[in-house]
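Notes for the one structure printed next.
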Amino acid sequence: MYERYFKRIIDLFLSTIGFLIILPLSFVIFLVLYFTNDRKPIFLQPRPGKNEKNFNILKIKTMSDEKVLQGKLLPYEISNHQILCLFTKNVFR
């Protein structure tokens, strides 16, 4: 009985601490995306749900909508996400 309640208290305490640590980082990421994505860091995406009923989910926009004259999206290396390229430059090469 004590283990059950004690574990619940520890879980709530640690999840609250984790949330408070991640919150400022999430805000900084949101601001970076806000200024690099034409002021649209979040978008809605329809998803199929239970009984084929669609619902919308909020997603963080991390890719650019910029296009070249032919209508194709810009390659990752020259998109407007220089900050994200710094973190992933070794992943795609």
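The values are calculated or read from the model by the stated rules, or taken from the named source; none is laboratory data. Just so it is clear, the structure is predicted and the values come from calculations on it, not from any experiment. Note that each Cβ is placed from the backbone with ideal geometry, even for glycine, and that neighbours are counted across all protein chains shown. Ligands, DNA and RNA are excluded from the accessible area calculation, which covers all protein heavy atoms including side chains. Shrake-Rupley method; radii C 1.70, N 1.55, O 1.52, S 1.80 Å.
Couple of notes before you dig in:
- Scope the range 21-52; condition over 18 Å from Thr62 (Cβ atoms), in a helix (DSSP H, G or I) and under 17 Å from the mean Cα position of the chain (by Cα); matching residues: Ile21, Leu23, Pro24
- The condition (being touching a strand residue (DSSP E or B) at 6+ places or on another chain (Cβ under 6 Å), of a type in the set (Val, Ile, Thr), surrounded by 10 or more Cβ atoms within 10 Å (Cβ to Cβ) and without any contact (Cβ under 8 Å) to a residue 24 or more places away in the chain) is satisfied by just one residue among Ile22, Ile17, Ile10, Ile42: Ile42.
- Meets criteria (basic (Lys, Arg), open to solvent by 60 Å² or more (accessible area, probe 1.4 Å), touching a strand residue (DSSP E or B) at 6+ places or on another chain (Cβ under 7 Å) and modelled with pLDDT under 75) for Lys67: yes
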